[in-house]
1. Angle check, please: helix 30-40 long axis (alpha carbons) against the longest principal axis of the chain (alpha carbons), in degrees 0 to 90, nearest 10.
2. Tell me, what ³J(HN,Hα) does each residue in the stretch 233-243 have, in order and in whole Hz, if you take phi through Karplus 6.51 cos²θ - 1.76 cosθ + 1.60 with θ = phi - 60° and put x for Gly and Pro?
3. Can you give the calculated 222 nm mean residue ellipticity of the chain, where each DSSP H run of n ≥ 4 adds -39,500 (n - 2.57) and the sum is split over every residue, rounded to the nearest 500 deg cm²/dmol?
4. What trypsin sites (Lys or Arg not before Pro) in the stretch 83-112 are in a loop by DSSP, with at most 15 other Cβ atoms within 10 Å of the Cβ?
5. With an 8 Å cut-off on Cα pairs and a minimum separation of 6 or more residues, tell me the relative contact order of the chain in percent.
6. Expressed as a fraction of 2.2 N^0.38 Å, the rule-of-thumb size for a compact globular protein of N residues, what is the C-alpha radius of gyration of the stretch 168-224?
7. Using a 1.4 Å probe on the protein heavy atoms only, what accessible surface does VAL197 show? Give it in Å² to the nearest 10.
8. Quick one: Karplus J couplings for the stretch 91-107, per residue in order, coefficients 6.51, -1.76, 1.60, θ = phi - 60°, nearest Hz, x for Gly and Pro?
Amino acid sequence: MKFIFVVLFMSSVLLASSGPLQAQQTFGSLDEVWKYALDNNAGNHVSQLAIEEAAQEKKSAGSFILPSIGADVNTQDNIDIPETPVPGELVGKSGETVYLKFSKHYNYNAGLTLNYTILDWQSVYQSKIAGVNLQLKKADKAYFEQNLKEQLSQVYYAALTAQKSVEIGSEDLSSADSLLQHARDRFKEGTSDAIEVNQAAINRNSIFQNLESSKQYQDQCLNNLRSLMGMKAGEKIVLTEKLSPPVTDKMLEKPVPDIKYLETFKLQQQLSGFEEKKSKSVFLPKVGFKGYWGKYQYQDDLALSFSPDKWKPNSYIGMSVTIPLFSGFSNKSNYSAARLNRQIAVTTYRDEVRKSVINDSILYKQYLSSIHISASAGETFSLSAENLGLAWEKYKQGLLSMDGYLDVFNDYLSAESQYLNSLSEFLTKKATIESRENK
């Protein structure tokens, strides 16, 4: 019983010291990877916050259509009441000028002030600019998600390709081990020499090095995928999808345009148009309305009275029209700069549309070509694997020399490399196209 207790105690100590078990995330498709990344990528969260910020700025810019109302209460201590010259006839001093004080020592005012801008074109265009800026932030987020999907797709397919390379490489290493063991057995039997054993060992070492390189590349791809997806450093990624050669009857009929990329330039063009109109609107008049509803009272001391009869009404209403006549040449220069910025935005958008059409055509042609190349390379790899199996049987029967078998093996490895490279090239083009699709 003491022994069992000691064993259980030591086991618990070891488990506690090893820390928590690593979390594991399993993904069976690219869509699952996309969904996880869009929910956890920090850059995507920042883009969403930028949208919310732009939405608040839009509300703020649109508030100009509402009046501003303020309540104010103020007290004034007239330390020295000014004297006003008036005719003496008012106080029984004909022919003289007397100086009188018209006020009390303390003044009290309380009321409501309303200001309302009836027409202000600068505020109108600023509101429109804020609206377009909100759309631009949404377009930026959509394009960020597209780029994120494209990067995820490329890294995801690279990881699957590396995984397949490790899988094939493990089979190659097993074949190389069998060849080496067979060569050693024949050497012991005296039917071969040391050169043949050394050739088999060199072949085995070369394949082992390639396998280790594939494993390192796989780890690198998984780390990159983990970084893009916003996963923690200790989390493990397991990809269960299996790659297969592309099927030529599932090719796209037409290229998928990069609409989200062009949308940002289109909105920038629209934004520059409102900026131009806003800079021009400084030359237009502003029309405003102002009203005040309040009461006042005068006292000779600080004895403020709340009696209604002590408060006298004081209300007014008015309208103002402000017409800018001359404010220097800065407004004119700003308008000229805005016009140039508008022309730049228009020219840039048109040029980006032109280049996008060319790039989409190139991408589509490369995509179609990569399908045919990878399909052909897959068939060659399959035939090379079949030849390798036949060559192995002949070698075991003594019908084929070690050099002959290694030549077939090298052809097989070359076909394997070409197949994986062409498959990777196809998947890279596929990743770019898939990221543009609305999923």
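1. 40
2. Values, residue by residue: 4, x, 6, 9, 10, 10, 9, 9, 6, 10, 7 Hz.
3. Calculated at 222 nm, the ellipticity per residue is -23000 deg cm²/dmol.
4. LYS93, LYS104
5. Relative contact order, the chain: 22 percent.
6. Ratio of Cα Rg to 2.2 N^0.38 Å: 1.43.
7. 20
8. Result, rounded to whole Hz: 10, x, 10, 5, x, 10, 10, 10, 10, 10, 9, 9, 3, 10, 5, 10, 10.
The values are calculated or read from the model by the stated rules, or taken from the named source; none is laboratory data. Source: prediction; values computed, not measured. Don't worry about glycine lacking a Cβ; one is built from the backbone with ideal geometry, like all the others, and counts go over all protein chains shown. Calculation scope for accessible area: heavy atoms of the full protein, side chains included, ligands and nucleic acids excluded. Shrake-Rupley method; radii C 1.70, N 1.55, O 1.52, S 1.80 Å.
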